[in-house]
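Reviewing the structure listed below.
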Amino acid sequence: MTDEYKNEDAYLKEMQMDAFATMEKKEAFNEFDLKNDDFERDSNWKPLVTKEQVLVYSKENFWEE
């Protein structure tokens with residue numbers, strides 16, 4: 001973790017928003033499902049961010065107006 005994050009939760013939230021972001025406005029949100037065959041998904045895992053937060057992050061960082 002670098003000095004740009006206040007704490008571990010802030011770092012994890014930023015990484016989750018980046019991982020689940022949509023690159024275009026018309027792209028469908030993936031409902032926090034990353035396709036990864038390398039790891040078994042933990043059924044108890046819950047994201048630290050909401051869908052709304054991810055979409056705002058996506059709009060601010062990736063969507064072209």
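How do Phe20, Phe39 stack up against each other in accessible area, from largest to smallest, with a 1.4 angstrom probe?
Phe39, Phe20
Order the following by accessible area, largest value first: Glu60, Glu14. Probe radius 1.4 Å; ligands, DNA and RNA are ignored.
Glu60, Glu14
If you build a Gaussian network model of the chain, linking Cα atoms that sit under 10 Å apart, which residue out of Leu55, Leu34, Leu12 swings the most?
Ranking Leu55, Leu34, Leu12 by mean-square fluctuation puts Leu34 first.
Can you sort Thr50, Thr22 by solvent-accessible area, 1.4 Å probe, largest first?
Per-residue accessible area, sorted high to low, gives Thr50, Thr22.
In the set (i) 11.9, 34; (ii) 12.9, 37; (iii) 14.8, 48, which value of Rg and Dmax of the Cα atoms in Å was calculated from the structure you see?
(ii)
If you look for lysine pairs in the chain that are eight or more places apart or on different chains, how many of them have Cα atoms under 17 Å apart?
For the chain, the number of qualifying lysine pairs is 9.
The values are calculated or read from the model by the stated rules, or taken from the named source; none is laboratory data. Please read these numbers as outputs of a predicted model, since none were measured by experiment. Each accessible area value is taken on the protein alone, full model and side chains, heavy atoms only, with ligands, DNA and RNA left out. Shrake-Rupley method; radii C 1.70, N 1.55, O 1.52, S 1.80 Å.
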